[in-house]
Amino acid sequence: MVAAKHHYRPNHAALALKTGKSNLIGIVMPAWNNPYIAELCMGLQQSLAARNYTPLFTIDNNYNPVPGNLEQLLSLHVGGIISVAASLLPDNIDIPVVSYYYDDPRFDSVCPNFKEDARLVFSYLQECGHRKIGYLGSLNDQRIPYWISEAERCGLEFRESWRINSDGDDPADAFDRLLEMNRGRELPGALIIHYDALAQRLMSRIKERGFRIPEDFSIIGHDNISADDYTFPALTSVSSGTPGEIADTMVELLIKRMNDSARPRKKVLLDPELIKRQSVLETAQKNNRKEIRK
């Protein structure tokens, strides 16, 4: 009552210096313009609050780090870190860390099962009759080597000229670059997209250029965000679990490390599930539609 009346707020940094413990948890994630990341951060906040921890969010990534960003976070004496950019952390860091998405051998990690992702995606496209497959997204995506290997195993084409970087002012320009780089040559009939929010933008661009989905391009995204059911057509996507489930997994792993620094390092693999919707067309359906048009 007295604390509330006088608007008292505890000094977490001072408390951490005095007790050697902190209930502040640093969260390092990419920009929240991807709805999936926003949902994941909300899940982390709720999961930490339920355990009486307070998150401190900062935006960063492995490829274009913000100078001084992590140093500032560490200066606040956080009790642990959950990070999508763990590779930027120093080797001598003395607080618990959970690396998300990237398997940093120094820390506990929670990562998608990239190998199983590749098997699911390429097996499904093969079953649907697709033989020529492209990719639009970041060329730093860790899944690409697995997709290349799985394409070879399945006897499918996954040409380098069909793998287009989406970096730039407008990520949807990646589709225009696909057309330009393959002018006068054949195009893939199916496209794997880095993440669903990008897939939705690309689907609009594909239609603007006069192509049809899925008749001309089948589309598979990643993350299975809630809006996927409302695209036209509804977007087929790979899910590694809900953001809330993934957030709980990371928080539980971090707290276990905070309570027992000597426990063996643990890597948690998030098994994928392919959520099939209408954005992938089976070749048999495609052939039937061609015959009808004749």
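The values are calculated or read from the model by the stated rules, or taken from the named source; none is laboratory data. Since the structure is predicted, the reported quantities are computational estimates derived from the model, not experimental observations. Positions of Cβ are backbone-derived with ideal geometry, glycine not excepted, and every protein chain shown enters the neighbour counts.
Please name all residue pairs, on different chains or six or more residues apart, with Cβ atoms under 7 Å, provided the first residue is in segment 66-78 and is surrounded by 14 or more Cβ atoms within 10 Å (Cβ to Cβ) and assigned to a helix (DSSP H, G or I) and the second residue is among the β-branched types (V, I, T) and modelled with pLDDT of 90 or more. From residues that are surrounded by 14 or more Cβ atoms within 10 Å (Cβ to Cβ) and assigned to a helix (DSSP H, G or I), the pairs are N69/T58; L73/T58.
Check segment 191-201 and report whether any residue there is free of Cβ contacts under 8 Å to residues at least 60 places away in the same chain and among the acidic types (D, E). No.
Of all residues in segment 184-212, those that are among the small types (G, A, S) and more than 23 Å from L156 (Cα to Cα) total 3. The listed residues are E252, E180, and the only one of them that is of a type in the set (D, E), in a helix (DSSP H, G or I) and surrounded by fewer than 13 Cβ atoms within 10 Å (Cβ to Cβ) turns out to be E180. Every test in (1) outside any helix (DSSP H, G or I); (2) farther than 25 Å from I148 by Cβ; (3) at pLDDT 95 or above is passed by I192 save one, and that test is (2).
Against the conditions (1) of a type outside the set (F, W, Y); (2) touching a residue at least 24 places away in the same chain (Cβ under 8 Å); (3) within 25 Å of E282 (Cβ to Cβ), S161 satisfies every one except (3).
Could you pull out the residue among L120, L136, L187 that is assigned to a helix (DSSP H, G or I), touching a residue at least 24 places away in the same chain (Cβ under 8 Å), assigned by TED's automatic domain parsing to the domain that holds D229 and in contact with a Leu (Cβ under 9 Å, 6 or more places away or on another chain)? Going through L120, L136, L187 in turn, just one is assigned to a helix (DSSP H, G or I), touching a residue at least 24 places away in the same chain (Cβ under 8 Å), assigned by TED's automatic domain parsing to the domain that holds D229 and in contact with a Leu (Cβ under 9 Å, 6 or more places away or on another chain): L120. Residues in segment 141-165 that are closer than 19 Å to L202 by Cα and at pLDDT below 95: D141 alone.
Residue-by-condition table, conditions (1) buried (at least 20 other Cβ atoms within 10 Å of the Cβ); (2) in contact with a Lys or Arg (Cβ under 7 Å, 6 or more places away or on another chain):
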residue	(1), (2)
Y100	yes, no
P112	yes, no
R131	no, no
G134	yes, yes
S138	no, no
D141	no, no
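Residue count for segment 166-215 satisfying the condition of being within 23 Å of N33 (Cα to Cα) and touching a His at 6+ places or on another chain (Cβ under 6 Å): 1.
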